[in-house]
Amino acid sequence: MPKSIGILTAGGDSPGLNAAIRGIGKAAIGRYDMQVIGFRDGFRGLMENRILRLDSRSLSGILTVGGTILGTSRDKPHRMPVGNRVMDMTDVMVDNYHRHHLDVLVCLGGGGTQKNALRLKQKGLNIITLPKTIDNDVAMTDVTFGFDTALSIATEAIDRLHSTAHSHHRIIVVEVMGHRAGWLALGAGIAGGADVILIPEIPYDVEIVAEAVRRRSRHGSNFSIVAVAEGAMTKEEAKALAEAEEQRRQAKDKASKQKAKEQLEALWSQHKGSTLRLAQQLEELTGLESRLTILGHLQRGGTPSAADRLLATRLGSACAELIHQGVCGVMVAARGDGVEPVPLEEVAGKRKLVPLDHPWVEAARAVGTCLGD
Ligand code: F6P
């Protein structure tokens, strides 16, 4: 009997998803004679049993296309909005998996998807995941697909902002995505030659940032580019968050857990708009006019880079081979030029942040970039 596999893409879309679907599908069908179906819109499609048959025709011509031909959503199996209610729909998904006589379900996604995939594994399904996200924050893999493309887009944006910042003698604050990790802002900031780079892993002091800008002015460069990760925070914000997280860890009963959770949510909600506030503060502190550019979803759109197509194809075809060998319950991680199956338990619930002694951090400091600390 040929094996049957299902594929879904979940979480934020990311360049390279179609290349990965194609890599899995073409290898599974062409090399191992498997049958392949896709579920639309992530875990919601699995719950609602909305499928797309994947064959050599539907897998053709998608390598270079951005987004995902399957559609995606941020729905979670155990907390799915259904009508006016939020319900645990995991068992419905398990039934649909069996209804299609699947041997394996492949979930392509970031950190949240790895957790949801583990939940389905714990319900007895055969699951394999691939690491995708522009944030590059999935644990246990060298890199995620989508990151390289977003890095190029953000770098090009910083390049373009340079000439206008220079011409108008302004501070341009540019907000880069990355969720709570600084990979994208740090990488693009270094590659684009930002004067200041602020990332969540290194809480900043606004006075230190202002002084870096003023120092540049004193040396004749009366413009500055400040690359800010969307999760970057001041030292005070970081302290308050660390305390709230500690309270959540210490919370014993349901009520205090809920209170700590609400406290954390309130802090993250206060953090919204912080890049705009930073731009305003820098204007006041330096006397230079400032402007804010939020790159936002531009960084996720469009054609994947060559590196992302290559990575996604490599991980996707390796995934088909692992299924053929009967391996499941793992994420197909990128390791050097090869791949490594990593048990989902070792991936789920972890986030890969920028280590403070990472070579990128060292390189940024070495060329005189202010990191706000
Ligand atoms: O995880 C990818 C990402 O683009 C993050 O960088 C960003 O914080 C988030 O998704 C935005 O999510 P949404 O598309 O749901 O607004």
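The values are calculated or read from the model by the stated rules, or taken from the named source; none is laboratory data. Every value quoted in this text rests on a predicted model; they were computed, and no experiment measured them. Ideal geometry is used to build each Cβ from the backbone, glycine not excepted, and the neighbour counts take in all protein chains shown. Accessible surface is based on the protein model in full, side chains and every heavy atom, while ligands, DNA and RNA are left aside. Shrake-Rupley method; radii C 1.70, N 1.55, O 1.52, S 1.80 Å.
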- In Å², what does the accessible area per residue of the chain work out to with a 1.4 Å probe? 45
- Do me a favour and compute the ellipsoid semi-axes for the chain from its Cα gyration tensor, root of five times each eigenvalue, largest one first, whole Å. 40, 24, 17
- In this structure, the FRET efficiency calculated for K257 and Q280 from their beta-carbon separation, with R0 = 25 Å, to the nearest 0.05, is 0.10
- Heavy atoms of E207 accessible to a 1.4 Å probe, total area in Å² rounded to 10: 80
- Message: Compute the angle between helix 90-99 and the longest alpha-carbon principal axis of the chain, please, reported from 0 to 90 degrees and rounded to the nearest 10.
- Response: 40
- Message: Once ligands and nucleic acids are excluded and a 1.4 Å probe is used, how much of K3 is accessible, expressed in Å² to the nearest 10?
- Response: 60
- Rg/Rh for the stretch 240-373, where both radii come from Cα atoms and Rh is the Kirkwood radius: 1.07
- Query: Here are some pairs, K26/K352; K3/K350; K235/K352; K121/K252; K76/K132; K239/K352; which of them have Cα atoms lying more than 24 Å apart in this structure?
  - Reply: K26/K352; K3/K350; K121/K252
- Message: Quick check on the stretch 326-367: take the gyration tensor over C-alpha atoms, sort the square-rooted eigenvalues as a ≥ b ≥ c, and tell me if it's rounded (a/c under 1.5), prolate or oblate.
- Response: oblate
- Under 5 Å from the placed amide H of G38, counting only residues 5+ away or on other chains, we find I7, L52, R53, L54
- Whole-Å distance linking the alpha carbon centroid of the stretch 7-41 with that of the stretch 45-60 is 9
- Task: For Y204, list long-range residues whose amide hydrogen, built 1.01 Å from N in the peptide plane, is under 5 Å from its own amide hydrogen.
- Result: M233, T234, K235
- Message: Give me the percent of accessible area attributable to carbon and sulfur for the chain, probe 1.4 angstrom.
- Response: 51
- Note on the structure: The helix 306-325 Cα axis meets the longest alpha-carbon principal axis of the chain at an angle in degrees, between 0 and 90 and rounded to 10, of 30
- Around R50, what is the net charge, scoring Lys/Arg as +1 and Asp/Glu as -1 over all other residues with Cβ under 10 Å from its Cβ? 0
- Item | Ellipsoid semi-axes in whole angstrom, largest first, where each is sqrt(5λ) of the Cα gyration tensor of the stretch 150-300 | 32, 17, 11
- Taking square-rooted eigenvalues a ≥ b ≥ c of the alpha carbon gyration tensor, is the stretch 242-311 rounded, prolate or oblate, where a/c under 1.5 means rounded and, failing that, a/b exceeding b/c means prolate? oblate
- Quick one: what are the phi-derived ³J(HN,Hα) couplings along the stretch 193-198, Karplus 6.51/-1.76/1.60 with θ = phi - 60°, whole Hz, x for glycine and proline? x, 4, 7, 10, 10, 10
